[in-house]
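Below is one structure; the comments refer to it alone.
The values are calculated or read from the model by the stated rules, or taken from the named source; none is laboratory data. This is a predicted model, so every value here is computed, not measured. Glycine also receives a Cβ, built like all others from the backbone with ideal geometry; neighbour counts cover every protein chain displayed.
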Amino acid sequence: MPDAEKLKKYLVSRTPELQWAADKLQKLMCGEVIIPPMSAAALKLGQISRNENVTMEEISKVISTDPGLTTDCIRVASSSGFAARRITSIDQALMLIGMKQIQRIAFACGVMKKFTHLKSQVDWGKFWLHSVLVARLTERVAEAFRPSSGSEYLAGLLHDSGKLLLEHYFPEYFDSIVIRATERACGHVAVEPEFIGITHAQIGAAICECLQVHQEVLRAVWFHHDPFNQGLTSQPDNSKFLAACVSVADALANYLHTNISGARIVDTPFEELPEWQFLAQYQMCGGLELDLESEIARAQEDLSAFGI
């Protein structure tokens, strides 16, 4: 069961009279298993993936400890979007499609299954397409500066997860948020505090706490709309860098309106995005050439393969 005090840290209302919404979510998340923690294997995979010298044997050993995750990884790896042939083991999957793809599959299946019980009227197919696209783009942006560790994909995948709980438990407010955000073309995060006092980014951080993901991923989700927050400056890890990568990836996805209604319309040239200018202070170890249409097509193929 999640720790109430830890959740309270994320669910602080910006408007005192609306604190009831944050309190309701905290009570729900502590009283029910709304978001079950990631499996031990998925968490371990996230840890060892941070080691650039991790081997295929180590990846295989960790995934194999979870029969359900193993089955999902083999099923997806066998699909037309990946190996397009029958695969019978994790070792074979690793050999055919590689460690990075297996990590993506494991994280996607491990995360998406946690939310299948949250039924709604919103086009969540489009929501997950946006999430997978941002996950892929976060990884691409980060790799322009340093080798990826798996945290990038997971942070991108979870960055908007707070919207799932927001829509499920506050449907009328969510509809109002979508309408107001669409009218202003400003994105949900800009109007959410007006209706419920907190943002989907705050709820997303609480979800990450429930999932027990690494604090670096949690903070990137928490501050993906505010990567320059002073709370990140004092962190000893790459939280600020990762939050900026997610923010850039989110903007790139929104250039082509790949999101649910009410998402922020981005018309600022890519080079002028404050988050990109922040990342520019780091030395590039590789270029960043993106074909966004191709990235969307690949994200659609991934989503179809995941079959969640």
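Scanning the range 62-84 for residues that are assigned to a helix (DSSP H, G or I) and loosely packed, with under 15 Cβ neighbours inside 10 Å yields Pro67, Gly68, Thr71. Taken over the range 43-55, the criterion of being crowded, with 20+ Cβ neighbours inside 10 Å and part of a loop (DSSP other than H, G, I, E, B) is satisfied by Ser49 alone. The helices (runs of 4 or more DSSP H) found entirely in the range 127-184 that carry 1 or more residues being within 15 Å of Leu252 (Cα to Cα) are 151-158.
Scanning the range 85-104 for residues that are within 14 Å of Ser64 (Cα to Cα), of a type in the set (Val, Ile, Thr) and assigned to a helix (DSSP H, G or I) yields Ile90, Ile102.
What's the total number of residues in the range 262-308 that are touching a residue at least 24 places away in the same chain (Cβ under 8 Å) and surrounded by fewer than 11 Cβ atoms within 10 Å (Cβ to Cβ)? Of the residues in the range 262-308, 4 are touching a residue at least 24 places away in the same chain (Cβ under 8 Å) and surrounded by fewer than 11 Cβ atoms within 10 Å (Cβ to Cβ).
Screening the candidates Leu129, Leu118 for the property of being under 21 Å from the mean Cα position of the chain (by Cα), at pLDDT 90 or above and farther than 26 Å from Lys61 by Cα yields one hit, Leu129.
Each row is one residue, and each column tells you yes or no for (1) crowded, with 18+ Cβ neighbours inside 10 Å; (2) closer than 19 Å to Met29 by Cα; (3) outside the structural domain of Lys8 (by TED's automatic domain parsing).
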{"residue": "Lys163", "(1), (2), (3)": "yes, yes, no"}
{"residue": "Ser176", "(1), (2), (3)": "no, no, no"}
{"residue": "Pro227", "(1), (2), (3)": "yes, no, no"}
{"residue": "Phe241", "(1), (2), (3)": "yes, no, no"}
{"residue": "Leu252", "(1), (2), (3)": "yes, no, no"}
{"residue": "Tyr255", "(1), (2), (3)": "no, no, no"}
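Restricting attention to the range 255-281, which residues are within 21 Å of Arg298 (Cα to Cα) and of a type in the set (S, T, N, Q)? Result: Thr258, Asn259.
Just one of Ala21, Ala4, Ala40 is among the aliphatic types (A, V, I, L, M), in contact (Cβ under 8 Å) with a residue 24 or more places away in the chain, in contact with a Ser or Thr (Cβ under 8 Å, 6 or more places away or on another chain) and exposed (fewer than 15 other Cβ atoms within 10 Å of the Cβ); which is it? Matching residue, one of Ala21, Ala4, Ala40: Ala40. Quick one: in the range 265-284, of everything that is among the hydrophobic types (A, V, I, L, M, F, W, C) and assigned to a helix (DSSP H, G or I), which residue is farthest from Leu137 (Cα to Cα)? Only one residue fits best here, namely Phe278. Here Gly262, Gly287 are screened, and the one residue that is out of contact with any helix residue (DSSP H, G or I) (no Cβ under 8 Å at 6 or more places or on another chain), of a type in the set (Gly, Ala, Ser) and not in a helix (DSSP H, G or I) is Gly287.
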